[in-house]
1. Every residue in segment A:1-31 that is away from chain B (no Cβ under 13 Å) and of a type in the set (Lys, Arg), please.
2. Tell me, which helices (runs of 4 or more DSSP H) wholly within segment B:98-213 include 2 or more residues that are more than 14 Å from every other protein chain (Cβ to nearest Cβ) and free of Cβ contacts under 8 Å to residues at least 40 places away in the same chain?
3. Which one of B:68, B:78, B:86 is over 22 Å from the mean Cα position of the chain (by Cα), closer than 30 Å to residue B:331 by Cβ and surrounded by 22 or more Cβ atoms within 10 Å (Cβ to Cβ)?
4. Determine which single condition residue B:121 fails, assuming it passes every other condition in (1) aromatic (Phe, Trp, Tyr); (2) under 27 Å from residue B:324 (Cα atoms); (3) touching a Ser or Thr at 6+ places or on another chain (Cβ under 8 Å).
5. Please tell me if residue B:300 is within 12 Å of chain A (Cβ to nearest Cβ), touching a Lys or Arg at 6+ places or on another chain (Cβ under 7 Å) and in contact (Cβ under 8 Å) with a residue 12 or more places away in the chain.
6. Could you figure out which of (1) touching a strand residue (DSSP E or B) at 6+ places or on another chain (Cβ under 7 Å); (2) buried (at least 22 other Cβ atoms within 10 Å of the Cβ); (3) farther than 30 Å from residue B:313 by Cα isn't true of residue B:385?
7. Looking at segment B:199-216, which of its residues are under 28 Å from the mean Cα position of the chain (by Cα) and either among the basic types (Lys, Arg) or modelled with pLDDT under 80 (or both)?
Amino acid sequence: MKKILVVCGNGLGTSLMMEMAVKEVAKKLGFDAEIDHEDLSSAASSQADIWVAATDVATQLEEAGKENIIKLVNIFDKASIETQLKTFM
Amino acid sequence: MVNFFEFMLGLLKEPAIMVGMIAFIGLVAQKADISTILKGTIKTVMGFLILGFGAGALVGALNNFSVVFTEAFGVQGVIPNNEAIVALAQQAFGYEMALIMFFAFVVNIVLARVTPLKYIFLTGHHTMFMSMLVAVILSTAGITGTALIAIGATTVGSLMVLMPAIGQRYTEKVMGTDQLAIGHFSTLSYVVSGYIGGKFGDTSKSTEDIQMPKSLMFLRDTPVAVATTMAIFFSLASVFAGGEFVETVSGGQNWVVFTFMQSLTFAGGVYIVLQGVKMLIAEIVPAFKGISDTLVPGAKPALDCPMVFPVAPNAVLIGFLCSFAAGLVAMGIQGALGWTIIVAGVVPHFFVGGAAGVYGNATGGLRGAVLGSFAQGLCISILPMLLLPVLGGLGLEATTFADFDFGVVGLVLGWMVS
């Protein structure tokens, strides 16, 4: 089972919304994963197999040395989540 | 038997249990399995308790800041921070807040179902903050019991569809789709910025055509941003108040060390509160969305403000800088006139100013982004000051609600009930 962490600035709103979208897509694809959301500050010391973030936050995750990042221009774009998540299956 | 009733009544009067109940009902309604229900309910209750721990951590630093600031400048300094004020208010108004929030979700679903305003407001922490604001104002006006919950929930639930609708004209322009809406109680900031951008802007030059240093993006890291601003303003206050005075407040600790430690303590407290809010809403929001998906087909999700950030990243930085500049100008004006000073916070100016920059850019290019975010920056520096008197005892705290809509709703509601 893979661990997916969804990240935004405060870890309150945007990442929770993205998490709901990612969970929906993962369920549809039958992708077995533990999915959670977090704030950018905590993410620095967290571990995950796949990261999900809006493009602006994704840049900062990259700077923090994170790999396998799903980047979203539209945070509710399930089609884009699906295409990118498939590359990790 | 009487003891059992007393126990149940006591349990349900506990606001933490009340929010746990909301999560419990939401999870049961979604037919979640028992382990998920248990886990979700426990985490929600803990989230509420963590709010209290955060309040305990930040209140001391906040009071010290307030004393030093008043000594330094002769006027009161107030930090606009939603998390801090909600954490401080939860002890007295947590129970009312929880009930208003629960029924506001219901009102939102009903309105989205029966009116053409098909918005589902998914920014759970803003629903929570608005419920708290309304609970405080209605309670301060002497309204209690069922009336308080009914008026409160109707108000908050209506705002959850009305505010996204008010912003929709501009949100559509920003996002290029009418399927998403803005669900963030800074709507009027974005409307002001979008309007000014359209009136005085020039769409021939976009913010995205120029080069911006990306180094400022570290301010998205909230604890760092809060600590940095607090340290700067606390240091200024300490210098003006004089080391000798600060050391009477610190109980003898070196004033420079004290200033920095208190700033970081405040930021740490805000971070704890954020974690609490995160845990509190993490189960409730998906349950709310799950239920609304079934009951309101074709609903449009109203989302948190960073949804617009990827559209125009430069506009976010420009919007932040202009909004923050407006905050500093407002501080100067407030100080010169001897009013309460609303300390310009990096966090509200970054998130709200940044998003306002994107709206201003969408309607009026670079010039629209600059003018729009500056104008709303002035608004969010003046409104919290006007809001303080209607908050009763809570208005005497050194922190208050930050966003535009909170200010307007608070003032209108305060005027209506007085």
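The values are calculated or read from the model by the stated rules, or taken from the named source; none is laboratory data. Worth saying up front: this structure is predicted, and the values here are computed from it rather than measured. Note that each Cβ is placed from the backbone with ideal geometry, even for glycine, and that neighbours are counted across all protein chains shown.
1. A:2, A:3, A:28 - these are the residues of segment A:1-31 that are away from chain B (no Cβ under 13 Å) and of a type in the set (Lys, Arg).
2. B:145-175
3. Values: B:78 fails: over 22 Å from the mean Cα position of the chain (by Cα); B:86 fails: over 22 Å from the mean Cα position of the chain (by Cα).
Exactly one residue qualifies, and that residue is B:68.
4. So the condition that residue B:121 fails would be (2).
5. Judged against the criteria, residue B:300 is a match.
6. Of (1) touching a strand residue (DSSP E or B) at 6+ places or on another chain (Cβ under 7 Å); (2) buried (at least 22 other Cβ atoms within 10 Å of the Cβ); (3) farther than 30 Å from residue B:313 by Cα, only one is false for residue B:385: (2).
7. Selection gives B:212, B:213, B:214, B:215, B:216.
Every residue, every condition in (1) of a type in the set (S, T, N, Q); (2) closer than 21 Å to residue B:132 by Cβ, yes or no:
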| position | (1), (2) |
| --- | --- |
| B:359 | no, no |
| B:373 | yes, no |
| B:377 | no, no |
| B:391 | no, yes |
| B:395 | no, yes |
